[in-house]
Every structure is written in structure tokens, then in C-alpha cells.
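The structure appears right after this line, and notes come after that.
The values are calculated or read from the model by the stated rules, or taken from the named source; none is laboratory data. Note that this is a predicted model, so its numbers are computed, not measured. Cβ atoms come from the backbone with ideal geometry, glycine included; neighbour counts cover every protein chain shown.
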Amino acid sequence: MEILIRLFAVLMIGFLAARAEDPLLLNTHIRMIPKIMALDTQALSHSSSGKAILGVVYDDNRKNSAKKVADEINADYDGNIGTLPFVAIAISVDELMLRHDIAFVYLVEMRNSSVRRVAPWGILNSVPAFSYNSENLDLGILGAIAIERSTVIYLNKNVLKEGKFRFNDTLFQIARFVE
Amino acid sequence: MKYTICTVSLSLALSLSASDTPIFTSLNDDMAQTALLATQTNQNIDYQPFILSILHSDDLSKFGVRTLGEALTLVPGIDMATNTMNNRTPIFRGSNPTAYGQSTLVIDGFVVNDSIFSNYNAYLDLPIELIDRIEVVRGSGSFIEGVNGYAGTINVITHAGSDPLRVENGTLFASGGSEGAMGVGGWSRYKGEKWKLSLDAFSQRHDRQTPVLVTDALGQSGYAKLGMKHSGFGIAYEYGQFELRGRYNDYKNDSAFGNLNALPNPEGTFESPSWHIQSKYTLPLARDLNLILKASIMEGSMKSDSRALPIGTYAGVTYSDGYWASLMVKNRRTSGGAAFHYDGVELHHLSAGIESTWDEAVDMETFANKIPSLGMQDYSITSPFIYADKAKRQSTNLYLSDNITINDKTALALTLGMMKTSDSESHAYGRAALVYQPTRSDIFKLMAADGVRYPSFQEMYATPSRYATGNPNLTYEHVRSLEAQYLRKLGTNLTAGMNLFYLANSQQIVRDATNTFQNYGENIIQGGEAELRGKLTSEDTLLLSYSYIYGEVKDNYGNVSSIPYTASHLIKAAYAYDLTENWTLGGIWNYVGSKKRYASDTRDSLAAYNTLDIALGWDMNTHKGWYAQGVVKNIADTTVRYPSPASTYPDDYPVAGRSFWIRTGWKF
């Protein structure tokens, strides 16, 4: 376990400089979000290219922040998670509204008004939306990962039903549901 | 939002496809590793079974904090006090503000309180650049395994300690400012496949003096010198499961207000150098069972060298050159212990251990011109200032603790222990803490504890003098505490909290009318703390707290009075904002309410004061490259005073006015 922790820490180190977000939480998201996407059985259905697109969504002037997250994910996974080919891209809220090829979205810190735009878009298009900020669950986002006494994957039960999302059931074994 | 926990349902535990299994396993591993890292680095403090504050050095630097001692004053409920030698000590929630040892300072896993005073003044000026983070627990109990805090525990993790989240491999820094302040230092880290080496070193000084003239117990006026020279280094080496750490700390301060309450000669000094080495080996015995072996040695000394009384006649003896004394005592502490950690019982984390410590004064010198015509003479045998031959103590601490996860919402932490000492009564202690998280954003904690503080060698073995007289019959100070905390997560990075506490302190060690240490009556202290910490935006950092403390002292005759030397109201506000990508503006506002005195002291209460610090920094967020900062402390030039006992310095101990300094450094 000690070796795993050190390996985990080493993987995180390149991404810690000058960041407003909590580095441990953000890097946990970078490690876990693609894996959660890989448990989405519909991940490949949104794109005709045979490659799932993970959108790291930003608003205002946070493009750099989102791009760093996307770059780090791409560097960590080199285009594949398990058998799922994928690519992470930084994408603005405005651009996201016009896209139909996004398989999964991860929201960096953003205004509530932006979250309120992304949440119904995700439900309408059956695109799972996870957020850095777990408070966004209250705004209709599907999921979030929080570090509490242990690491917790939260899923919004109502959104899960409403959006007709299809995850491998193993995810539900470890998630906590909020409604 | 209504919150429910999804109970793991067997019906959901469907068979996994071959391709999903590694992802699911990997996801589970990520969750476990993150949780472990978060616990090791206390990133998940809101869920820990303590009332805990964590101060990160990156934030502290932006606020303009320079030393460990300054950082501690940002913690809710903590105030600072000093004595006639400017031997400072943090006061936790008003817990016996006239005695040392109320709190325990742990640096990289090692308790650095000395055996003579049970104090750690020599570490309070540790540069913040050497520190990664400071974890402060208010209240008694074992926050660090095997370490029993009384009123509180301070855990300092330096860069020499293990920190997997730190980006830079080292920093070189320098600072300078008013009052002749200057300092240099640095730390660096190296690692190989199986080993890791960390080093730090620093040297600093200042020539501070009281910001105003003071009048001593003899009616003399002057400026008391409060300067210091401080240097040290630390080393940490890890190889596999083996750790070896050491630290040398050399602290020398001016004689301040004089150990007999008279302004001393300007060259008078009070030195307290110390060093320690500790080793630790973790031996995996089985899949869920580890044995941890520890051994350590610490040696420290206290040396006071000054003219304690000016020219005059005292007790019928005329000192034409004043009364001079050169006092030294050296103590050694050796310690060894073993602990078992067991995770084999589902939802439990069990630990049990035993640690034995041997403290003794190994050398002592008493030189003085007690008979003026003879000049300085050696009184180490005939009239020592402390009974060094009696200052010996063997302590054994036996403990058992269990952290129980009852369910997703509830956890329970239990500790039971027994402390046995050779020169005082044995005592069983314990602590229970319940953490309940009914919703994602709400956390409740309820804590009860029973703790003790054993008297220091000074309190037991100081020989009769004008300063103090020890009492070998002293027993431990005792606290029974009840604490409650409610935390509301206002956002991922913002938490609001409300704490309530009730402390019943008995057998408090104070000096009686003859200046002899006694276990004296009971203090009841109660109050609350409200705090807000975190980030309002991604560009700022905030610490805001208000503490209310109300205490009563009941003496052995049943007389009740307000607890002395304790401010009922403390407000602390620290804020830093990144103005641009490069510039950061920070500041600290500190309000300390008025402090009552002992009933027998006819002086008015010590007046309230507030101070404001402003800091402007360049590239304070960087983890690679240069940074610089300028700080003005106490802009309004308020005279900060700590309370003095009656019949000493009538206008208390003025310790600080306005100062400024700059610092720069290079992170690599």
C-alpha cells in the first residue's frame, strides 16, 4: 500500500503548481473521472469517431484551468481507459450547448448560472456531468467526488433517473446517492 | 436537498465483465489511496474526531506570517503569554495561563517540550519557510498516537517531514527588517529509489526591545531588551520502513525583564539549546498488522547569565556591583516504545502501544556573587537553584485506541490509557469522540476527554528563591472536558463552524503567596468559538474566528473569582487576495479583549488591544522560482502587552510595537 501511495503521489506532483483548487481533490478527480466515464455503457454512443470525448467545461476566464485538467488527463491515460478510447478537451459552456458528440463532462469551478445551463443539457442528451464542486449536486449535476472521512462518489438519484444514464452496476456499489 | 445513503445491495453486486474489473478495482484503489493520503496529511480535517485547525505555510506566508508563534495566534481560542524572561507560551482557551506545559508541541512526530519548564519557547520563532503545515488541536486527548495533549496539541510538519503533496524540492530564503531583524535559511529534499533525505538549516536574529519604557519591581525605568539569536538544522532520512530524524535548535534571547523582576544588564542572556534524534521502524507482521518500534533521545539545557539585581541592598546585604547569577541545568530524555496497528476487524482501526520515557537533569551549575566580597562563587553543591539530583522521572504510557466506522454517517473514536510516573501519581485517561454527518454538508462532533499534565521539574524541584519555590509533593493538573462542534460545508473549499466547550480543570499548579508552587483549586472554563475558513473565491484565502471564553477560579477555600490573564473575547481575521497573477495582498487583524487579574492584584484589567498587519507579495503562489514580500506589522503601532504578576512590572510586559520586514526566496 505504501508503494501505491507513493506512486499515486508522484503521478500527482506535476499538477500541483499555483492552483486555486484543492490539489488533492482535483488530482483525485483527474484520476477517477475517466474511470467513471469508462463505466458508462453509453460512452461511445455519442460519437461516430469511435472515440469518447470527455469535455472539461469552463466558463468566464477559466480556459487555462480546464485545459490543464484536460492535458493532465490525456497525459495520464494516453488515449485509453480500459478498452475505451477517449480524449479529454477543454470546452466552454457556450460551445458545449452546441455539441452533440460529448460523452461525459467534468465541470471545473464555475458560476452557478453556468452550472444551471449544463445540468439540463446533460439530462437532455444523456451525458453524465460530474463537477469539481459537490455543491453543484444541488443544481442538478449528476455526480461529484468528495474527500470526507473516506473518498465518496456522490450520485444525484433524481438526475440519474431523469437522464436515462446507463452505468455499469459496479459503480452503484460504491456510490452514495443524494436526492 | 434530502440526503440518503445508498446501502450496498446484494442485488446490485452483479458479476463484472472482464474489461470492467480492472477499472472498478483501480477506481476502488484510487478512493482508498486518496482517503489514506487525506488522513495522513489531514486534508479531511472537518471529518476528524477533534476540533482541529490546519494552517498551511503557503497561506500563512501570504498573510505575512513569519514564525510558528505568529501562526499560532491565528488559531481560535489561542492567546499568547510570557514571563519575566520572555519565555512565551500559547494559552489555549484560558487553561492555566500562569503555567507552562498546557499544550504540547510536536515537530515531525517528536515532542519538544523541555523537561525543566515543560515549555517550547525556543521553537516559537521557527521560520515559517521551513514548515509545511501546522495542525492544532484544541482540547485534551491523543491527536498524535502516544502523545497526550492537555489543553491542546500543536503538530508541526516541516519540509523535512514526509509530504507527498509538495511540488518544490527546496527553498532558499532570506529576510531582513526593522529592529535589526535578519535571517537566512533553506531546505532541500533528495530521493532515490528506496531512500529519501531531507535537510533544513536556518539562522536568524533581531535586536527587539520593549516599544515603550518599562518600570520594574524596584522602580527602575528603561527599555527591556527582547532580542534573540536563533539557529538550527534538521535532518530526516528514510529507507524503506526505517526513519531517522534529528534536529538541533539553538535559541538565545536577551534576559528581557530579568528573572528577579528587575531590569537586567543589557548583555544578560537566557539560552536554551537542544537537540534530539528519533528513529522509527515499521515492521509488517501480517496483512493487517503492523508493529511500530520507536526510540529517541533529546538533550537540552537552560542557561541564564545576567545581573539579576542592580546595585543595592537586598535582605541586608549590599551589592556594590549588583547581584549576578549564572545558572545552568541540562536535562536528557530517552524514550522507547512499541505499538501495534491492526485493521483486520472490519470497520475498525485498532492501535495499542506502550512507551517509556526517562527524564533527568544530568548537569547543573549555580554561580553567583551571593557574598559580594567573594565575587562569583560556585554554589552548585551548597546552594543550587534547582535540586538537580532529584529531578528524575520515569514515565510509562500505555494506551489502546479504536477508530470505528459505525456507518456512512457515523464514526466513533475511543482512546483509553494509563500514565504511570515515578515521582507523581499515576492516572488513567480516556477520550471518546463521535462524528455524525447527517447530510453531505453538515457535520456534528461530540467529544469527552479526561487528561492530565504532570508538573515540570521547575515546579517540583526549584529551590527557594525570590523567583519561585518548587514543591516535590505536587501532583498532576487534571482536566475533564466536553466539546461539541458543528461544521457546515458552505462549499468545496469553505467551511463555517461553531464550537462549544466546557472544561473542568482541577489541581491547577500555581504559585501561592509565598511563591511556592501548589495544586490550587479548580478552574471552570466554558465558551464557544465561531469560525469561517477556506476560500470565498478561487483567488483568496480566509481565516476568520471569534472566541468567547468565560472562566472561574475556585480556590481551596471555595472563593470564586474570574479566571485571570484570559481575554474573554478574541477575534482573528486573516485574508489574502491574489490581485493579479503575480501580486498578492494579505493581512491579519487581531483583537484581544481585556484581561482580568487575580483578586489580590489591585491593578485595573489589562486593556484590550488590536493589531493590523499588511503584506504585499510578489509571486507568493509560485512553487518554482523567486518570490518576495514586504510586511508591515502592527501598522497603528499599538503597544502589545502581556500580563505581569502583581508586584513585578506594574505596567505589564510590553512586547511589541510596529515593525516591518521584507523577505525573498527561491523555490526549486
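Among the residues of the stretch B:116-133, which ones are part of a helix (DSSP H, G or I) and β-branched (Val, Ile, Thr)? Listed by number, the list holds a single entry, B:Ile128.
Rundown of residues vs (1) touching an Asp or Glu at 6+ places or on another chain (Cβ under 8 Å); (2) surrounded by 15 or more Cβ atoms within 10 Å (Cβ to Cβ); (3) of a type in the set (Ser, Thr, Tyr), yes/no style:
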{"site": "B:Asp408", "(1), (2), (3)": "no, yes, no"}
{"site": "B:Ala411", "(1), (2), (3)": "no, yes, no"}
{"site": "B:Leu416", "(1), (2), (3)": "no, yes, no"}
{"site": "B:Lys420", "(1), (2), (3)": "no, yes, no"}
{"site": "B:Asp423", "(1), (2), (3)": "no, yes, no"}
{"site": "B:His427", "(1), (2), (3)": "no, yes, no"}
{"site": "B:Arg431", "(1), (2), (3)": "yes, yes, no"}
{"site": "B:Gln437", "(1), (2), (3)": "yes, yes, no"}
{"site": "B:Asp442", "(1), (2), (3)": "no, no, no"}
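Evaluating B:Glu267 against the criteria (1) within 14 Å of another protein chain (Cβ to nearest Cβ); (2) among the charged types (D, E, K, R); (3) not in a strand (DSSP E or B) leaves one unmet condition, (1).
Residue under question is B:Gly375, and the condition is that it be within 20 Å of B:Ala151 (Cβ to Cβ), without any contact (Cβ under 8 Å) to a residue 40 or more places away in the chain and out of contact with any His (no Cβ under 9 Å at 6 or more places or on another chain); does it hold? So B:Gly375 does not fit the description; no. Checked against (1) in a strand (DSSP E or B); (2) more than 29 Å from B:Ser545 (Cβ to Cβ); (3) out of contact with any Pro (no Cβ under 8 Å at 6 or more places or on another chain), B:Gly219 passes all but a single condition, namely (1).
Give the residues of the stretch B:484-510 that are assigned to a loop (DSSP other than H, G, I, E, B), without any contact (Cβ under 8 Å) to a residue 40 or more places away in the chain and either closer than 27 Å to B:Lys535 by Cβ or basic (Lys, Arg) (or both), sorted by residue number. I'd like the intermediate steps shown before the answer.
In the first step, residues of the stretch B:484-510 are kept if they are assigned to a loop (DSSP other than H, G, I, E, B); the result is B:492-493, B:507-508.
Now restrict to residues that are without any contact (Cβ under 8 Å) to a residue 40 or more places away in the chain: B:492, B:507.
Matches in the stretch B:484-510: B:Thr492 only.
Considering only the stretch A:75-89, I want to know if a residue exists there that is in contact with a Ser or Thr (Cβ under 6 Å, 6 or more places away or on another chain) and either small (Gly, Ala, Ser) or surrounded by 16 or more Cβ atoms within 10 Å (Cβ to Cβ) (or both). Yes, that holds for at least one residue. Residues that are buried (at least 23 other Cβ atoms within 10 Å of the Cβ) and assigned to a loop (DSSP other than H, G, I, E, B) occur at least once in the stretch B:51-64. Filter the stretch A:67-116 for residues that are part of a strand (DSSP E or B), at pLDDT below 95 and touching a helix residue (DSSP H, G or I) at 6+ places or on another chain (Cβ under 6 Å) and give the result. Once the filter is applied, which keeps residues that are part of a strand (DSSP E or B), at pLDDT below 95 and touching a helix residue (DSSP H, G or I) at 6+ places or on another chain (Cβ under 6 Å), the stretch A:67-116 yields A:Ile81, A:Leu84. Across the stretch B:196-215, not a single residue is classified as out of contact with any His (no Cβ under 6 Å at 6 or more places or on another chain), in a loop (DSSP other than H, G, I, E, B) and at pLDDT below 95.
I'd like to check something: does the stretch B:237-251 contain any residue that is over 20 Å from the mean Cα position of the chain (by Cα), under 24 Å from B:Met328 (Cα atoms) and part of a strand (DSSP E or B)? No; the residues of the stretch B:237-251 include none that is over 20 Å from the mean Cα position of the chain (by Cα), under 24 Å from B:Met328 (Cα atoms) and part of a strand (DSSP E or B).
Determine if the stretch B:204-220 includes at least one residue that is surrounded by fewer than 22 Cβ atoms within 10 Å (Cβ to Cβ) and within 27 Å of B:Lys280 (Cα to Cα). No: zero hits.
This table checks each residue for (1) away from every other protein chain (no Cβ under 14 Å); (2) among the aromatic types (Phe, Trp, Tyr).
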{"site": "B:Glu168", "(1), (2)": "no, no"}
{"site": "B:Lys191", "(1), (2)": "no, no"}
{"site": "B:Trp195", "(1), (2)": "no, yes"}
{"site": "B:Ala217", "(1), (2)": "yes, no"}
{"site": "B:Lys229", "(1), (2)": "yes, no"}
{"site": "B:Phe257", "(1), (2)": "yes, yes"}
{"site": "B:Leu263", "(1), (2)": "yes, no"}
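Got at least one residue in the stretch B:507-527 being closer than 30 Å to A:Ala144 by Cβ and either out of contact with any helix residue (DSSP H, G or I) (no Cβ under 7 Å at 6 or more places or on another chain) or modelled with pLDDT under 90 (or both)? No, because not a single residue in the stretch B:507-527 is closer than 30 Å to A:Ala144 by Cβ and either out of contact with any helix residue (DSSP H, G or I) (no Cβ under 7 Å at 6 or more places or on another chain) or modelled with pLDDT under 90 (or both).
If you filter the stretch A:124-143 down to residues that are farther than 20 Å from A:Asn27 by Cα and either of a type in the set (Gly, Ala, Ser) or surrounded by fewer than 22 Cβ atoms within 10 Å (Cβ to Cβ) (or both), you find that the one that is nearest to the other protein chains (Cβ to nearest Cβ) is A:Asp138. Filtering the stretch B:335-346 to residues that are farther than 25 Å from B:Glu271 by Cα and at pLDDT 95 or above leaves B:Gly336, B:Gly337, B:Ala338, B:Ala339, B:Phe340, B:His341, B:Tyr342. Checked against the criterion of being within 27 Å of B:Pro645 (Cα to Cα) and touching a strand residue (DSSP E or B) at 6+ places or on another chain (Cβ under 8 Å), the candidates B:Asn523, B:Asn556, B:Asn582 yield just one match: B:Asn523. Each residue in the stretch B:44-56 was checked for being in contact (Cβ under 8 Å) with a residue 60 or more places away in the chain and at the interface with chain A (Cβ under 7 Å from one of its Cβ atoms), and 1 pass.
Just need a number here: residues in the stretch B:310-336 that are of a type in the set (Phe, Trp, Tyr) and not in a strand (DSSP E or B). Write out each step before concluding.
In the first step, residues of the stretch B:310-336 are kept if they are of a type in the set (Phe, Trp, Tyr); the result is B:314, B:319, B:323-324.
Narrowing the set further to residues that are not in a strand (DSSP E or B) leaves none.
The qualifying residues number 0.
Flag: B:Asn96 does not match the condition of being of a type outside the set (Gly, Ala, Ser) and surrounded by fewer than 24 Cβ atoms within 10 Å (Cβ to Cβ).
One residue stands out in the stretch B:10-40 among those that are at the interface with chain A (Cβ under 7 Å from one of its Cβ atoms) and in a loop (DSSP other than H, G, I, E, B): the one that is modelled with the highest pLDDT, namely B:Ser19. Go through (1) in contact with a Ser or Thr (Cβ under 8 Å, 6 or more places away or on another chain); (2) closer than 19 Å to A:Asn156 by Cα; (3) surrounded by fewer than 20 Cβ atoms within 10 Å (Cβ to Cβ) one by one and return the number of the condition A:Asp101 breaks. Tallying (1) in contact with a Ser or Thr (Cβ under 8 Å, 6 or more places away or on another chain); (2) closer than 19 Å to A:Asn156 by Cα; (3) surrounded by fewer than 20 Cβ atoms within 10 Å (Cβ to Cβ), A:Asp101 fails exactly one: (2). For the stretch B:546-591, the candidate set comprises residues that are within 17 Å of B:Ala81 (Cβ to Cβ) and either touching a Leu at 6+ places or on another chain (Cβ under 6 Å) or small (Gly, Ala, Ser) (or both); within that set, the residue that is surrounded by the fewest Cβ atoms within 10 Å (Cβ to Cβ) is B:Ser562.
Selection of the stretch A:150-179 for residues being surrounded by 22 or more Cβ atoms within 10 Å (Cβ to Cβ), facing chain B (nearest Cβ under 7 Å) and outside any strand (DSSP E or B) yields only A:Thr170.
The residue pairs whose first member lies in the stretch B:332-346 and is closer than 17 Å to B:Leu291 by Cβ, whose second member is in a strand (DSSP E or B) and among the charged types (D, E, K, R), and whose beta carbons are closer than 6 Å, counting only pairs six or more residues apart or on different chains, are B:Gly337/B:Lys294; B:Gly337/B:Glu355. For B:Lys596, the stated conditions do not hold, so it cannot be described as farther than 16 Å from B:Ala81 by Cβ and surrounded by fewer than 22 Cβ atoms within 10 Å (Cβ to Cβ).
When B:Ser301, B:Ser279 are checked against the criterion of being within 30 Å of B:Gly258 (Cα to Cα), small (Gly, Ala, Ser) and either more than 22 Å from the chain's Cα centre (by Cα) or in a strand (DSSP E or B) (or both), B:Ser301 stands alone in meeting it.
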